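Shown next, in structure tokens, is the structure this report addresses.
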Number of protein chains: 2
Amino acid sequence: MNVVFGADIGGTDIKLGMFQEDGRLLSKWLIPTRMEDNGRLIFDDIASEIKNKMQEKSVSSQCVLGIGCGFPAPVDNRSFVRNCVNLGIKDIYPGKEMEKRMPGLIVRIGNDANIAALGEMWQGSGQGRRNLLLVTLGTGVGSGIVIDGKIVSGRHGIAGEIGHFMVDPLETEHCSCGGTGHLNQIASVPGILHYARKFLQEDKRPSVLREKEDFDGADLTDAAKEGDAIAMKTLDYCMGHLARGLAIAAHIIDPDIFLIGGGMAKAGQLLIDVIQKHYVANHYLTKEETQIRLASLGNDAGIYGAAKMIIDA
Amino acid sequence: MNVVFGADIGGTDIKLGMFQEDGRLLSKWLIPTRMEDNGRLIFDDIASEIKNKMQEKSVSSQCVLGIGCGFPAPVDNRSFVRNCVNLGIKDIYPGKEMEKRMPGLIVRIGNDANIAALGEMWQGSGQGRRNLLLVTLGTGVGSGIVIDGKIVSGRHGIAGEIGHFMVDPLETEHCSCGGTGHLNQIASVPGILHYARKFLQEDKRPSVLREKEDFDGADLTDAAKEGDAIAMKTLDYCMGHLARGLAIAAHIIDPDIFLIGGGMAKAGQLLIDVIQKHYVANHYLTKEETQIRLASLGNDAGIYGAAKMIIDA
């Protein structure tokens, strides 16, 4: 039986998975991300974890198709990473680092959001589709795009960076990238909480959120589900901007389906309903519905997609 | 020697071309578009033109690789056209119509803007690239996208419809599609002329445009080249919005190059310079320059791309 490994490198931990070729997950586990020494330890750790797993499961090198790695930074068309702010790594070919440590093995590198999209296409909510856009709503707004079954990474590796769309020309506060009015500032979890606090000040209607010293994304969506006016107004505003961004993306790539993942997706169908309502209002060219659905693989999407890069190689 | 035919169906005329496999154009000609009878005559005419050309050039059917056709409407992923407003045709599979008339020949159908992008990649300014976006600035703002060497048409055939991006949320006038503040309303030739007239009223500085009873896009760009303040202000405003649209597209597909074609492209390098200036100001994620260049095939881009669809088939 042939197997393939997927690794999804994050700022806190590295997710690892061993898969059958047909997509069956045989084993998954986590290790902490050690950032010292310009990321060198990350590659050491992944290599030793995979070697140990092969020994544990009695898998010979001949049976390993390869290892796919997701990286939390733009990966350009030469698999080069110029700057990975999250890990403090610059100017590196992560694939070459892995190959040095695992000679003879096929290695593929992808951006984390992009491989998550590929993973969802392979074994998640995108099954049966060849063209999709996955948005992740978490600390930031990320997205990954698959066209004709393949990841679109772009010349500089910034394809799918819809978080840096300008959606509000009237906004004067700055996005982390230096721009203003970007989707990141409005539809990320911190963005949503920012607007909730703003609306709580401006709008004097009662809200359960006022009773809390602090609240998070789950508190907000729970309140919205209970009919809380301010929570609902916040979701409506922030997801309205996200939907406008998706409508714009539809005018460029017109995907089969949009998937919504990340921490905010735990809010479930309410979130989809709000996004869908605004999406339809911002889309004039087709009255046929484009499906918007919840992603289904959660934090495992990355390891699935990383493995799929090898299977497609 | 094998040949391939390309046809680009427009509202006024049909452009036809006979090519060698290597891209050499052997013959090109035009016929009027006859719109009667739900477009049936269009397919009759193309078929008889190609048969005549084969006879004239002594080309046997065995040597014809196929015929590619560009259609001025969204062509969905089943090569179905729901509604071609320009030609007054609805609910048609143009490929099946052609195949009926030329049995045994391979036929491929594409949207006109999309095949123009493919044509520019093959034999125009996009040579050597696999990922590009071609914008055409004419009666409307159209665009075609090529990713990994292939046209992206999308589920509903509306990929690349950047003319229907909302770029100005403050605009209250309506676009032809029903939306407001769309790029079409600002960066098409009629849009540019609209803003020129508006600025001539609001801004009292002298302008050669005031001396004309009526002026067109060429008058405007000629005036801008001579340093006319109002003409330059108009270009700056309208191309600034286009550049914002391109920056947004870069955050989705991050192409190797943007090409600018259509009637307005006759303005030449000045147009590119204005677009480039605003593009850089709207793009935060990479400081590496994305190339923006003039398209080079003009009205022939469509027949080149139509032929290329067959060569790639």
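The values are calculated or read from the model by the stated rules, or taken from the named source; none is laboratory data. Fair warning: this is a prediction, and the values are worked out from it, not measured in the lab. We place every Cβ from the backbone using ideal geometry, glycine too, and count neighbours over all the protein chains shown. Side chains included, ligands, DNA and RNA excluded: accessible areas come from the protein's heavy atoms. Shrake-Rupley method; radii C 1.70, N 1.55, O 1.52, S 1.80 Å.
Tally up the residues in segment B:90-106 that are touching a strand residue (DSSP E or B) at 6+ places or on another chain (Cβ under 7 Å) and outside any loop (DSSP other than H, G, I, E, B), please.
Looking only at that region, the number is 7.
Within segment A:70-90, is even one residue more than 24 Å from the chain's Cα centre (by Cα), on the phi < 0 side of the Ramachandran plot and free of Cβ contacts under 8 Å to residues at least 12 places away in the same chain?
No, the conditions are met nowhere in segment A:70-90.
Would you check which residues across segment B:111-128 are touching a helix residue (DSSP H, G or I) at 6+ places or on another chain (Cβ under 6 Å) and within 14 Å of chain A (Cβ to nearest Cβ) and list them?
The one that is touching a helix residue (DSSP H, G or I) at 6+ places or on another chain (Cβ under 6 Å) and within 14 Å of chain A (Cβ to nearest Cβ): B:Gly126.
Is segment A:293-312 home to any residue that is more than 21 Å from A:Arg24 (Cα to Cα) and of a type in the set (Asp, Glu)?
no
What about B:Ser125, is it modelled with pLDDT of 95 or more, part of a loop (DSSP other than H, G, I, E, B) and open to solvent by 20 Å² or more (accessible area, probe 1.4 Å)?
yes
Within segment B:199-216, track down each residue that is under 27 Å from the mean Cα position of the chain (by Cα) and open to solvent by less than 100 Å² (accessible area, probe 1.4 Å).
Correct list: B:Phe215, B:Asp216.
All but one of (1) within 22 Å of B:Gly144 (Cβ to Cβ); (2) in contact (Cβ under 8 Å) with a residue 40 or more places away in the chain; (3) surrounded by fewer than 17 Cβ atoms within 10 Å (Cβ to Cβ); (4) acidic (Asp, Glu) hold for B:Asp13; state the number of the condition that does not hold.
B:Asp13 satisfies every listed condition except (2).
Does segment B:213-229 include one or more residues that are modelled with pLDDT under 90 and charged (D, E, K, R)?
Yes, segment B:213-229 contains a residue that is modelled with pLDDT under 90 and charged (D, E, K, R).
Which residue out of A:Arg78, A:Arg34, A:Arg82 is open to solvent by 50 Å² or more (accessible area, probe 1.4 Å), basic (Lys, Arg) and over 30 Å from B:Asn131 (Cβ atoms)?
Just a single option satisfies the conditions, and that option is A:Arg34.
How about segment A:277-293: which of its residues are more than 14 Å from every other protein chain (Cβ to nearest Cβ) and farther than 21 Å from A:Val146 by Cα?
A:Lys277, the sole residue that qualifies.
Within segment A:37-69, take every residue that is without any contact (Cβ under 8 Å) to a residue 24 or more places away in the chain and open to solvent by less than 80 Å² (accessible area, probe 1.4 Å) and give me the one that is farthest from the chain's Cα centre (by Cα).
Restricting to residues being without any contact (Cβ under 8 Å) to a residue 24 or more places away in the chain and open to solvent by less than 80 Å² (accessible area, probe 1.4 Å), the top hit is A:Ser60.
Condition test on A:Ala243, is it assigned to a helix (DSSP H, G or I) and either β-branched (Val, Ile, Thr) or open to solvent by less than 10 Å² (accessible area, probe 1.4 Å) (or both)?
Yes.
Considering only segment A:236-257, I want to know if a residue exists there that is out of contact with any Cys (no Cβ under 8 Å at 6 or more places or on another chain), modelled with pLDDT under 95, over 24 Å from B:His156 (Cα atoms) and more than 14 Å from every other protein chain (Cβ to nearest Cβ).
no
What is the one condition in (1) closer than 18 Å to B:Ala306 by Cα; (2) in contact with a strand residue (DSSP E or B) (Cβ under 8 Å, 6 or more places away or on another chain); (3) assigned to a helix (DSSP H, G or I) that B:Phe43 does not satisfy?
Every listed condition holds for B:Phe43 apart from (2).
Does A:Ile192 qualify as being closer than 24 Å to B:Asp168 by Cβ and β-branched (Val, Ile, Thr)?
When the stated conditions are applied, A:Ile192 does not pass them.
Among the numbered conditions (1) closer than 30 Å to A:Asp256 by Cα; (2) modelled with pLDDT of 95 or more; (3) surrounded by fewer than 16 Cβ atoms within 10 Å (Cβ to Cβ); (4) acidic (Asp, Glu), tell me where B:Asp91 comes up short.
Every listed condition holds for B:Asp91 apart from (2).
Which of (1) more than 18 Å from A:Gln276 (Cα to Cα); (2) among the small types (Gly, Ala, Ser); (3) crowded, with 20+ Cβ neighbours inside 10 Å is the odd one out, the single condition A:Ala187 does not satisfy?
(1)
Among the residues of segment A:270-293, how many are open to solvent by less than 60 Å² (accessible area, probe 1.4 Å), at pLDDT below 90 and not aliphatic (A, V, I, L, M)?
4
Taking the conditions exactly as written (surrounded by fewer than 19 Cβ atoms within 10 Å (Cβ to Cβ), under 21 Å from B:Ile145 (Cβ atoms) and under 22 Å from the mean Cα position of the chain (by Cα)), does B:Ser296 satisfy them or not?
Criteria met by B:Ser296.
Assuming A:Leu170 fulfils every condition listed in (1) in contact with an Asp or Glu (Cβ under 7 Å, 6 or more places away or on another chain); (2) over 18 Å from B:Asp254 (Cβ atoms) apart from one, which condition is it?
That leaves (1) as the condition not met.
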